[in-house]
1. Of the residues E570, E584, which is at pLDDT below 95 and open to solvent by 70 Å² or more (accessible area, probe 1.4 Å)?
2. Can you pull out the residues in the stretch 264-313 that are part of a helix (DSSP H, G or I), under 16 Å from I81 (Cβ atoms) and in contact with a Cys (Cβ under 9 Å, 6 or more places away or on another chain)?
3. Give the residue, chosen from D297, D252, that is at pLDDT below 90, at negative phi and surrounded by fewer than 24 Cβ atoms within 10 Å (Cβ to Cβ).
4. Could you please find all residues in the stretch 321-376 being among the polar types (S, T, N, Q), at pLDDT 90 or above and surrounded by 17 or more Cβ atoms within 10 Å (Cβ to Cβ)?
5. Check every one of the strands (runs of 3 or more DSSP E) wholly within the stretch 145-231 and list those with 3 or more residues that are open to solvent by less than 40 Å² (accessible area, probe 1.4 Å) and either among the β-branched types (V, I, T) or closer than 30 Å to K517 by Cα (or both).
6. Which one of these does K98 not meet: (1) of a type outside the set (G, A, S); (2) touching a Gly at 6+ places or on another chain (Cβ under 9 Å); (3) open to solvent by 50 Å² or more (accessible area, probe 1.4 Å)?
7. If the Cβ limit is 9 Å and pairs must be 6+ apart or interchain, which residue in the stretch 450-462 that is on the phi > 0 side of the Ramachandran plot pairs with which residue that is surrounded by 15 or more Cβ atoms within 10 Å (Cβ to Cβ)?
Amino acid sequence: MQVTGKIVKVSGPLIIAEGMAGAKMYDVVRVSSHELIGEIIEMRGDRAWIQVYEETSGLGPGEPVVSTDRPLSVELGPGLIGAIYDGIQRPLDAIAAKAGDRISRGITAPALDPEKKWHFVPVLEAGAAVQEGDVLGTVQETEVVQHKIMVPPRIKGTVEEIAEGEYTVAEPVAKIRTESGTVEVHMRQLWPVRRARPYREKLTPAEPLITGQRVIDTFFPVAKGGTAAIPGPFGSGKTVVQHQLAKWSDADIIVYIGCGERGNEMTDVLQEFPELIDPKTGEPMMKRTVLVANTSDMPVAAREASIYTGITIAEYFRDMGYDVALMADSTSRWAEALREMSGRLEEMPGEEGYPAYLSSRLAEFYERTGRVVCLGQDERQATLTAIGAVSPPGGDLSEPVTQATLRIVRVFWGLDANLAYRRHFPAINWLRSYSLYADQLRDYFVREVGEEALARRDEAMRILQQEAELEEIVRLVGEDALSYSERMVLATARSLREDFLHQVAYHEVDTYTPLAKQAKLLELVLKFHHLALAALQRGADLEEVLSLPVRERIGRAKYIPSDKMAELDEISRQIEEELSGVGEGERELA
């Protein structure tokens, strides 16, 4: 039932309309003669409080508000991959063609091209019994993504007809006879963004999301189906880390949400992704990516919609059986939008003015991730991983958004401004960061890189922690007060930082490191450490040990391509040769 009311108050992105009795919470409304898109977020009697996802300047009391009688929904179907949407799933290329560089108020365009024909290939025949989630057929959406057309949720019955050939997303491709009548199935589904898509069962994550970033994969891994946060101050590299994860993580589908970030950062994504070649497929990254761009100069209220739009699209591809990685940059901008809307609603504020329900909203978002058994008789498994950047003002990790996020997510990659100023990227602080998935992913790492690699990882972390303790002593009394073995720890820790943890995102080789190479690089650093300690025990001079030619080769080993791993074995042999020849004196280790 459509309800028509009129505006009684305009307060920035919030308007109040009366005469809205019969409308429902979270219904989409059209505001004024411009038909601006809004969403009801509160009802009191016949008055509705509406957040408007477009610019409201010029609106005034008395203008009409018309309910569409349906919640804010996204269109799901072929055509999503490679698309660039705003926060309410308007395709920016189609809008640019209509309106130019700036989005006009009230302009709309279908999220999926209604004219484009897709080749539908059925996988079932007429007479087959189907239930929700079953795959009816496939569409080759891009060279790397096969789009599965599934029976919509809450539909169960027998296939009466099923088509094959060229169809638009609006044309029926199958008819299913159910207990309540015959239902036509199209390649396009509508789904409310605030409602999580259903699945059969949620499982414990068992495999890591391999990112090719050494500090993440080796020390602080995130599981497929897990949650991670990247908090850090301005300029510490949050966006670059998320770009790296989007480019190189071994997910099948990437959904990247630019939530309130600066336009130039989204421009970087738009310029890089079409040119970047996916190492797994040899095709451009955009062939498996969906972008939701809601930049800082777009309406504030649309930031919330962009988060829900992105996670719903990600869930849809998860339901097909794909491993999906979602990047949200940044959830702080979303929280700021919640704070503004809460203030205009005159709600009792929580800490620092954020709404009291901030934690529950963040939890609702992150709990839509996971490793699940999808709906359907074939019981396919899939994962949805969420990685959210957080932008605490001044890098203050005690502020409410960061603290609320850390109570929810299980991986914390804390970015450090001091590391960023020293040009150490990724600027993930190895002493503050953690991963609660490390134990449950242990079996996977033992299988892939061996028990010894995990032991070396633990030892490397101990050395880095020792370095932090020894630096206090060095600052007080100088390095000369340390024993040779302690000074060797400092040298090894520096090698770990510079030769292993430091990674150049724009270097063609160093930008991505496979697991096997990560394990080998760490082995080289620690092998030199152990043999150097043995040489010092035999009486070798510390300066002589640290000036051996092989140390330079260890430093440059990360630039060796992964298809030339034999060179790393050569460096390992050189370490043994050079360190076996030093330290024949009688001096005891100090």
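1. Details: E570 fails: at pLDDT below 95.
Answer to the check: E584.
2. G310, the sole residue that qualifies.
3. Just a single option satisfies the conditions, and that option is D297.
4. T331, S332, S342, S359, T369
5. 172-178, 227-231
6. The number of the failed condition is (2).
7. Between residues of the stretch 450-462 that are on the phi > 0 side of the Ramachandran plot and residues that are surrounded by 15 or more Cβ atoms within 10 Å (Cβ to Cβ), the close pairs are G450/A519.
Residue by residue, here is whether (1) open to solvent by 50 Å² or more (accessible area, probe 1.4 Å); (2) touching a residue at least 12 places away in the same chain (Cβ under 8 Å); (3) closer than 18 Å to I463 by Cα; (4) not aliphatic (A, V, I, L, M) holds:
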site	(1), (2), (3), (4)
T513	no, yes, no, yes
H529	no, yes, yes, yes
A540	no, yes, no, no
P549	yes, yes, no, yes
R556	yes, no, no, yes
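The values are calculated or read from the model by the stated rules, or taken from the named source; none is laboratory data. In this text, all values refer to a predicted model and were calculated from it rather than measured experimentally. All Cβ positions, even for glycine, are placed from backbone atoms using ideal geometry, and neighbour counts span all protein chains on display. When the accessible area is computed, the model is the full protein with side chains, heavy atoms only, and any ligands, DNA or RNA have been set aside. Shrake-Rupley method; radii C 1.70, N 1.55, O 1.52, S 1.80 Å.
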